[in-house]
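S.K.: Got a structure here, written out as structure tokens. Questions coming.
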Amino acid sequence: MDFIEKLKSFEIPTCLRVCAGTDGSVTFLLEIMTRYQTAVVTEFQHIIPADERMAEIFEVKVGADINERVVTLMSGDIPHVYARSLSAIEKMPEGVKCDMMKADIPIGRILRDHNIETRRDFEGIELIEDEPLFGADTVLSRSYRIVHHNGVLMWINERFPVDSRWEL
């Protein structure tokens with residue numbers, strides 16, 4: 001079953017389905033839906049060496065510098081998304097690299113501010129029952145790649161709590 005068909009099969013709130021199905025900025029959609037500025041709260045960010053899987057995703061050598069960033073997207077005082085991103089330092093355009101290291105800037109805004117044309121290639125989506133998030137027992141997890149000039153610029157996994165916070 002492909003990504004969209006699988007997403008449509010889930011019994012989840014419509015606003016969550018929209019955020020999980022977008023090939024655009026989740027931050028922007030959250031601001032529209034909640035009417036609050038969406039804050040990016042960085043849990044941690046550091047440079048790690050590429051393992052074999054990362055090297056394959058980014059077409060870099062094993063051991064190349066990979067920026068790993070984990071953030072929570074907050075609208076008002078409510079956490080909506082837990083996101084982990086990986087990006088190969090050597091593949092980033094210079095201005096994007098600088099802004100990514102500043103941490104609390106949404107990825108969509110960074111790409112837009114630098115006029116970087118990208119597409120998002122969805123990898124997978126699933127409902128997870130045994131890993132609570134932000135007080136919710138069920139979590140929707142999706143992974144995708146941000147592609148720029150036919151190369152992978154970033155790999156992202158986003159996790160959304162499945163509960164009433166999406167009934168907007």
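S.K.: When you check Gly24 against the structure, is it in contact with a Gly (Cβ under 9 Å, 6 or more places away or on another chain), closer than 15 Å to Met154 by Cβ, part of a loop (DSSP other than H, G, I, E, B) and at pLDDT below 95, yes or no?
M.R.: The answer is yes for Gly24.
S.K.: Take the residues in the stretch 51-67 that are free of Cβ contacts under 8 Å to residues at least 24 places away in the same chain and outside any loop (DSSP other than H, G, I, E, B); name whichever of them is surrounded by the most Cβ atoms within 10 Å (Cβ to Cβ).
M.R.: Ranking the qualifying residues of the stretch 51-67, first place goes to Ile66.
S.K.: On to the next question. Suppose we keep only residues that are in contact with a helix residue (DSSP H, G or I) (Cβ under 7 Å, 6 or more places away or on another chain) and of a type in the set (Gly, Ala, Ser) within the stretch 1-23. Which one would you say is farthest from Ile78 (Cα to Cα)?
M.R.: Among those residues, the one meeting the criterion is Gly21.
S.K.: Just a yes or no: is a residue in the stretch 147-155 in a strand (DSSP E or B) and either over 17 Å from the mean Cα position of the chain (by Cα) or on the phi > 0 side of the Ramachandran plot (or both)?
M.R.: Yes, that holds for at least one residue.
S.K.: Yes or no: Thr14 hydroxyl-bearing (Ser, Thr, Tyr), surrounded by fewer than 17 Cβ atoms within 10 Å (Cβ to Cβ) and at pLDDT 90 or above?
M.R.: yes
S.K.: Kindly indicate whether His80 is under 19 Å from Leu133 (Cβ atoms) and of a type outside the set (A, V, I, L, M).
M.R.: yes
S.K.: In addition: Within the stretch 82-102, how many residues are more than 15 Å from the chain's Cα centre (by Cα), among the small types (Gly, Ala, Ser) and surrounded by 14 or more Cβ atoms within 10 Å (Cβ to Cβ)?
M.R.: 1
S.K.: Is one or more of the residues making up the stretch 130-138 surrounded by fewer than 16 Cβ atoms within 10 Å (Cβ to Cβ), among the small types (Gly, Ala, Ser) and part of a strand (DSSP E or B)?
M.R.: Looking through the stretch 130-138, none of the residues is surrounded by fewer than 16 Cβ atoms within 10 Å (Cβ to Cβ), among the small types (Gly, Ala, Ser) and part of a strand (DSSP E or B).
S.K.: Taking the stretch 68-81 only, how many residues are surrounded by 20 or more Cβ atoms within 10 Å (Cβ to Cβ) and under 15 Å from Trp155 (Cβ atoms)?
M.R.: Within the stretch 68-81, residues that are surrounded by 20 or more Cβ atoms within 10 Å (Cβ to Cβ) and under 15 Å from Trp155 (Cβ atoms) number 2.
S.K.: Could you pull out the residue among Leu30, Leu86, Leu111 that is assigned to a strand (DSSP E or B) and either modelled with pLDDT of 95 or more or touching a strand residue (DSSP E or B) at 6+ places or on another chain (Cβ under 9 Å) (or both)?
M.R.: Only one candidate passes the filter, namely Leu86.
The values are calculated or read from the model by the stated rules, or taken from the named source; none is laboratory data. As the structure is a computational prediction, the values presented were derived from the model and not from experiment. Cβ: placed from backbone, ideal geometry, glycine included. Neighbour counts: every protein chain shown.
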